[in-house]
Amino acid sequence: MSSTEKSSQPILDLARDILLWRRKKMSVMVFFISTATWVLMEVYQFNFITIVCWVGMAVVTSLFIWGNMCRLLGKEPPSLSGLEITELSTAEMTILFRESIEEAVRWMFRVGAESEWYVFAGLVAGLWILSMVGSCMDLLTLVYIGIMMSMTIPVIYVKYEDKIKRYGERVRVHWRKLVEIVDERLFKNVKNKLFKHKEKKETEKEKKVE
């Protein structure tokens, strides 16, 4: 395993645990923060800067009261040493971001230049549907829906993995049959017609030469 893979592994494990609700406190926190942000900005029409300032005031006020209560009770003030972002964490996030972009570019190249026609058609159709959905809602709502789906669909898949795989295999078999029928009746007929047309032209040229 390369050093790049090793460095990005902890972040991937943490994201996987949050999405699969293995770390319930962090999953609940992500769920609550995303829901609260969407409700405040979409339902109550608060500005993003206003929300950030309110959150900052709440955090600073809580820390101020906490620190003063600790001093009054003769306890040690809270230590914030664990909140620092280390250079290793920053490097891991940067590497993960770069790997994600590179993988996305390679995947788009494979789909556009190397994959079968139905993979290309499926991607274009998916992007078109996403563009239609995006035209009906703003970016914040779309991101919120994506977060909610990413925190529910993986859990459902893990719980009913066997049933989903069996159903997916049936769908895959039917899809392959459909693709073969379309490929045989449409594309092969087009290729045959083009080939016959080319042969006809070559025959006509040979007759003219004679």
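Quick notes on this one:
- GluC sites (Glu not before Pro) within region 107-173, DSSP loop, no more than 16 other Cβ atoms inside 10 Å: 116
- Full extension of the chain segment joining residue 133 with residue 53 gains 25.6 nm, where the gain is 0.36 nm per residue of separation less the Cα-Cα distance.
- Each of residue 32 and residue 70 was given a label point 7 Å from its Cα along the Cα-to-Cβ line. The distance between the two points is 2.1 nm.
Throughout, read-outs are computed from the coordinates displayed, never taken from laboratory work. These figures come from a predicted structure and were not determined experimentally. Cβ sites come from the backbone with ideal geometry, for glycine too, and all protein chains shown count toward neighbours.
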